[in-house]
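> First the structure, which I've put down as structure tokens, then a few questions once you've had a look.
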Amino acid sequence: QDCTGYQNCFTSLFAWQAAFGGINFASSSCAVGDLVCANKVAVAKIDGMWNFTDTIPFIINNWVTGPNNYIKIYTTQTARHNGKWNNSAYRLESQGADGGIYYAVIGINANYLKIDGLQIQLDICCGNTSQGITVSNSVSTTNSEIIISNNIIRTLSASLGDYNYGIRMMSGHAVK
């Protein structure tokens, strides 16, 4: 929320994704988003008290990831909920973005990713299929590891005909 004293600081996860986490891929002669080539882990560390809401949905897209070169999005203890919805902690509230994976607040198109400690609220409207988090069909069903832990995902409202999912794994994905 406050970028004072931070380098590569973003005020939304959408901005973090759009800037590929502020990683300088050119210094390693790698394509933008290629964590394997750059031998890096992309980290979105959400810290501090939050008195406003992140409202921009986003799709984790155009990254090359591997078992040792993954994306990690997490909240620190200061920004994290205490096990129930908390308006003083980080929260992402949206109707979702249509990125070819229906309407998701967070869409995942990366094979190796960890999301830990977020609060996600899905505001439903218009008779859509909507998700808090969706793992896309483009994610490998054999060479991937998506870890989603310690999150609170809630749906605000729904009308007749809406299909709402907290977490949706598209066809072919196994859940452990």
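The values are calculated or read from the model by the stated rules, or taken from the named source; none is laboratory data. Predicted model, so just to flag it, every value in this text is computed and none were measured. Please note: Cβ atoms are built from the backbone with ideal geometry, for glycine as well, and neighbour counts cover all protein chains shown. In case anyone asks, the SASA skips ligands and DNA or RNA and just uses the protein heavy atoms, side chains included. Shrake-Rupley method; radii C 1.70, N 1.55, O 1.52, S 1.80 Å.
> Tell me, what is the Rg over Rh of the stretch 7-47, with Rh the Kirkwood radius over Cα pairs?
Details: Rg = 10.3 Å, Rh = 10.7 Å.
Using only Cα positions, Rg/Rh for the stretch 7-47 is 0.97.
> Next question. What number do you get for the stretch 7-109 when its Cα radius of gyration is normalised by 2.2 N^0.38 Å, N = residues?
Taking N as the residue count of the stretch 7-109, the ratio is 1.13.
> Going by accessible area, probe 1.4 Å, with all protein chains left in place, what is the ranking of 75, 129, 141, largest first? Mind dumping the intermediate values first?
Details: 75 5, 129 35, 141 80 Å².
Sorted descending by solvent-accessible area, the residues read 141, 129, 75.
> Contour minus end-to-end for residue 84 and residue 142, with contour as 0.36 nm per residue of separation and end-to-end as the Cα-Cα distance? Provide the component values of the computation, followed by the final result.
Working: separation 58, 0.36 × 58 = 20.88 nm, distance 3.40 nm.
Difference between extended and current length: 17.5 nm.
> Going by accessible area, probe 1.4 Å, with all protein chains left in place, what is the ranking of 52, 25, largest first?
Per-residue accessible area, sorted high to low, gives 52, 25.
> Given points 7 Å out from each Cα along the Cα-Cβ axis, report the residue 25 to residue 12 separation in nanometres with one decimal.
Taking the simple label geometry, residue 25 and residue 12 are separated by 2.2 nm.
> Can you sort 103, 74 by 1.4 Å-probe accessible area, starting with the largest?
On the way: 103 75, 74 50 Å².
I get 103, 74, largest accessible area first.
> Give a quick list of trypsin sites (Lys or Arg not before Pro) in the stretch 47-98 that DSSP marks as loop, anything other than H, G, I, E or B, with at most 11 other Cβ atoms within 10 Å.
Answer in residue order: 84.
> Go through 79, 35, 105 and say which Cα lies farthest out towards the positive end of the charge dipole of the stretch 20-122; charges sit on Cβ, +1 for Lys and Arg, -1 for Asp and Glu.
Positive-end residue among those listed: 79.
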